[in-house]
Amino acid sequence: MASQPLHPLIAPSILSADFARLGEEVAAVARDGETRADWVHVDVMDNHFVPNLTLGLPVVESLRKVSEVPLDCHLMIEDPDRWAPGYAEAGAYNVTVHAEAAREPVMLAKNLRAAGAKAGLSIKPGTPLEPHLDTLKHYDTLLVMSVEPGFGGQSFIPDVLEKVRTARRLVDTGHLTLVVEIDGGINASTIEQAAEAGVDCFVAGSAVYGAEDPGRAVAALRDQAACARSAH
Ligand code: DX5
Ligand code: ZN
C-alpha cells in the first residue's frame, strides 16, 4: 500500500533565483493553479558546513511575510542544535538539519516540532541511511541529497536512489512516517528516475528558476513525476 501524496510535491529552490528580487521570484511560483509550488525551498549556508554563504534568519523572516507557499528551510550549517529552532519560530513550515552536523538530533526534532515546524533530517550523498533509521522515527521529512551540498546547478548522483528506495519501503510498510524529499540536480532528465524510486517531494533550483517561466516549469516537473510514478 503506497503512502505517497496524491500529487508529487515540487519545491523550487530560491538558491537559483535573483536575490535582488526574492519576493517576486517566490510570487512567480505562487500563482493559483497547477503552476503553484507546494513548498519554497530556502537554502541556508554558513560557509562552514559547506563552502558557500547564502542567507539566514532575517531573510527567512521577511520571506515568511510575503510567501503564500510554505517555506522549506534546508540548513547547511554547523551547530543546528543551536540555530535551527529559530527558523521554526520564524514560521518555516519545515526545517531540515543535516545528520552530519546535528549533535542531538532527537532532541532537536522535538524542539523544532515544539516551535511549530515539521522536522527534517538530511543526509549527504556519501552518508549511509541505516545509522539514522532510529532517529528518523522522530522526523517528518527525510531530505536525500543527490549532489554535494553547497551549490546549485550540479549533476545528479543516481547512486543515492538506493537510499530513496529503502526509505520508501520503510514508509510504505509503516515503519517510518516521512515525506521523502530529494535535492540536487533534479530536472526534466532526472526527475522520472527519482519518482520511480519513491520520492514524494522534489527540490529543483536551476530547473525552475533557470526556466523562462518558473511556474510552467513547476507544473511540467510535477506532471513528469506523476506520470513516472503511475507507470511504475
Ligand atoms: C545545494 C542545495 C540545493 C540547490 C539545488 O546545496 O541544497 O537546494 O539549490 O539546485 P539544483 O536544482 O540546481 O541542483
Ligand atoms: Zn537544498
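The values are calculated or read from the model by the stated rules, or taken from the named source; none is laboratory data. Source: prediction; values computed, not measured. Methodologically, a virtual Cβ is constructed for each residue, glycine included, from the backbone with ideal geometry; neighbour enumeration extends over all protein chains shown.
Quick look at the values:
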read-out	value
Test result for R31, closer than 21 Å to G210 by Cα, outside any helix (DSSP H, G or I) and away from ligand 2 (no atom under 14 Å from the Cβ)	yes
Residues that are within 10 Å of ligand 1 (Cβ to nearest atom) and surrounded by 15 or more Cβ atoms within 10 Å (Cβ to Cβ), drawn from segment 117-173	S122, K124, L143, M145, S146, V147, P149, G150, F151, G152, Q154, F156
Condition met for E100 (of a type in the set (D, E), in a loop (DSSP other than H, G, I, E, B) and surrounded by fewer than 22 Cβ atoms within 10 Å (Cβ to Cβ))	yes
Candidate set from segment 66-79 (those that are in contact with a helix residue (DSSP H, G or I) (Cβ under 9 Å, 6 or more places away or on another chain) and more than 14 Å from ligand 1 (Cβ to nearest atom)); member that is nearest to I123 (Cα to Cα)	V69
Only one of V69, V106, V50 that is surrounded by fewer than 22 Cβ atoms within 10 Å (Cβ to Cβ), modelled with pLDDT of 95 or more, hydrophobic (A, V, I, L, M, F, W, C) and touching a Lys or Arg at 6+ places or on another chain (Cβ under 8 Å)	V69
Pick from segment 192-207, criterion in contact with a Lys or Arg (Cβ under 9 Å, 6 or more places away or on another chain) and within 15 Å of W39 (Cβ to Cβ), ranking: farthest from ligand 2 (Cβ to nearest atom)	D200
Pair list, Cβ < 8 Å and 6+ apart or interchain, from segment 137-163 residues that are within 16 Å of ligand 2 (Cβ to nearest atom) and modelled with pLDDT of 95 or more to residues that are assigned to a loop (DSSP other than H, G, I, E, B) and of a type in the set (F, W, Y)	S146/F156; V147/F156; P149/F49
Flag for A194 being without any contact (Cβ under 8 Å) to a residue 60 or more places away in the chain, assigned to a helix (DSSP H, G or I) and either of a type in the set (V, I, T) or in contact with a helix residue (DSSP H, G or I) (Cβ under 8 Å, 6 or more places away or on another chain) (or both)	yes
Residue that is farthest from V144 (Cα to Cα) [pool: residues in segment 169-187 that are in contact with a helix residue (DSSP H, G or I) (Cβ under 7 Å, 6 or more places away or on another chain) and within 15 Å of ligand 2 (Cβ to nearest atom)]	N187
Condition check for E212: in a loop (DSSP other than H, G, I, E, B) and surrounded by fewer than 23 Cβ atoms within 10 Å (Cβ to Cβ)	yes
Failed item, numbered, when G86 is tested on (1) under 21 Å from G120 (Cβ atoms); (2) in a helix (DSSP H, G or I); (3) within 16 Å of ligand 2 (Cβ to nearest atom)	(3)
Verdict on G56 being of a type outside the set (A, V, I, L, M) and under 22 Å from A90 (Cβ atoms)	yes
